[in-house]
Amino acid sequence: MSGEWLKGSCHCGTVQFEVRTPVTPATRCNCSLCRRKGALMSPASAADELKVTSGTDALNLYQFNTKVAKHYFCRHCGIYTFHQTRTDPALRRVNLGCIEGVDPYALEFSVGDGASLSVVEGV
């Protein structure tokens, strides 16, 4: 675990957060939602390693399929900021494109098989 708190925000800056997580190994997911949003995610970290510092009231929640994972995005600019994982609801992953000083295009990544976790065919 990284000891440093990294700062992040949505595009419009309304939602701001700090997270203590390594940046690598970065992951993409092949589930139906992640394929569409195309975000590069941080490694999973404990829920208490993520602090929303402003804009909590601007966060909207999106859930689908089993409704275990909780995907949060800014209601003003629409940017996905972070989510509670489906495989372990005590863990969070953040959108690395939201982290100050991180170039998500410069990072190597693996692809997680979230599609196989779907319980509803084709979701």
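FYI, it's all coordinate maths here, none of it is from the lab. Everything numeric here is computed off the predicted structure, so don't read it as measured data. Here the Cβ is made from the backbone with ideal geometry for all residues, glycine too, and neighbour counts use every protein chain on show.
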Item to complete: Work out from phi, with θ = phi - 60° and the Karplus expression 6.51 cos²θ - 1.76 cosθ + 1.60, the ³J(HN,Hα) of each residue of region 48-65, listed in order in whole Hz, and give x for Gly and Pro.
Response: 6, 8, 10, 10, 7, 9, 6, x, 3, 5, 8, 7, 10, 10, 10, 9, 8, 6
Worksheet item: If the convex hull of the alpha-carbon atoms of the chain is projected onto planes in all directions, what is the mean projected area in square nanometres?
Response: 7.0 nm²
Practice prompt. Based on the mean of other Cβ atoms within 10 Å per residue, sort peptides 55-64, 24-33 so the most packed one is first.
Written response: 24-33, 55-64
Worksheet item: How much FRET efficiency would the formula 1/(1 + (r/R0)^6) give for Asp113 and Ala90, where r is the Cβ-Cβ distance and R0 is 25 Å, rounded to 0.05?
Response: 0.75
